[in-house]
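Below is one structure, written out as structure tokens; comments come after it.
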Amino acid sequence: MTEEVQPKKKNTVVIVAIIVAVIAVLGSGGWWFWQQQQAAKVVAVAKTAAVPATALVKKPVFLPLNKFVVSVPGDQRLHYLMLEITLMSYDSAQIEMIEEFKPLVQNAVVSAVSQKNYDELTAKDAMSSLEVELRDDIRAVMNEMAGTNGIDKVLITKMVIQ
């Protein structure tokens, strides 16, 4: 009787070893597949995050303003700044509202620029900081007059300083 039990134990051990090996192979294959799927998700998220959400929903609307010529103080003499800006919004109703208050918006631009000096306007990143400052000043005027921010961005389209 002991002779019949020995072969059954050996067969059982072999079967268990095969099952463990199959589970290990399937588990490692599943882990590899899951890692590949996670890497693909990370790449997909990185590509879609580069486009602003507002740009996917609406097209921007632009409102060019009249040319501004402002005198700017310098160290030795008076300088002149010629500035052309365009206002951008994703809401056409905001642009229409800005047109109603255009003299106040233009006054805000002239007031902000006339407080600058020649060195500030010729600095390395003067245009980008001036765009942000003008945007904030125009938003303040529009918020005071109409209860709305009005614009999303100010674009300096031409700037000449002498």
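The values are calculated or read from the model by the stated rules, or taken from the named source; none is laboratory data. Everything numeric in this text was worked out from a predicted model, so none of it was measured. Note: ideal-geometry Cβ built from the backbone for every residue, glycine included; neighbour counts use all protein chains shown. Heavy atoms of the whole protein, side chains included, go into the accessibility calculation; ligands, DNA and RNA do not. Shrake-Rupley method; radii C 1.70, N 1.55, O 1.52, S 1.80 Å.
Screening LYS41 with (1) at pLDDT 75 or above; (2) among the basic types (Lys, Arg); (3) over 30 Å from ASP152 (Cβ atoms) gives one miss only, at (1). Quick check: is even one residue across the range 140-159 modelled with pLDDT under 90 and within 22 Å of ARG77 (Cα to Cα)? Taking every residue of the range 140-159 in turn, at least one turns out to be modelled with pLDDT under 90 and within 22 Å of ARG77 (Cα to Cα).
For VAL154, the conditions (1) assigned to a strand (DSSP E or B); (2) buried (at least 16 other Cβ atoms within 10 Å of the Cβ); (3) more than 25 Å from the chain's Cα centre (by Cα) all hold with the exception of (3).
Every condition in (1) more than 19 Å from the chain's Cα centre (by Cα); (2) of a type outside the set (Asp, Glu); (3) open to solvent by 30 Å² or more (accessible area, probe 1.4 Å) holds for ILE85 except the one numbered (3). Pairing each residue of the range 58-73 that is farther than 12 Å from LYS158 by Cβ and touching a residue at least 24 places away in the same chain (Cβ under 8 Å) with any residue that is small (Gly, Ala, Ser) and open to solvent by 50 Å² or more (accessible area, probe 1.4 Å), provided the two are 6+ apart or on different chains, yields C-beta distances under 6 Å for VAL61/SER92; VAL70/SER114.
Among the residues making up the range 105-142, a single one is touching a Gly at 6+ places or on another chain (Cβ under 6 Å) and more than 18 Å from LEU63 (Cβ to Cβ): TYR118.
To keep it simple, each residue is scored yes or no on (1) part of a helix (DSSP H, G or I); (2) open to solvent by less than 80 Å² (accessible area, probe 1.4 Å).
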site: ILE95; (1), (2): yes, yes
site: VAL105; (1), (2): yes, yes
site: VAL113; (1), (2): yes, yes
site: GLU120; (1), (2): yes, no
site: LYS124; (1), (2): no, no
site: SER129; (1), (2): yes, yes
site: ASP136; (1), (2): yes, yes
site: MET142; (1), (2): yes, yes
site: MET145; (1), (2): yes, no
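Would you be able to say whether some residue in the range 45-55 is modelled with pLDDT of 85 or more, loosely packed, with under 10 Cβ neighbours inside 10 Å, at negative phi and outside any strand (DSSP E or B)? No - not one qualifying residue is present in the range 45-55.
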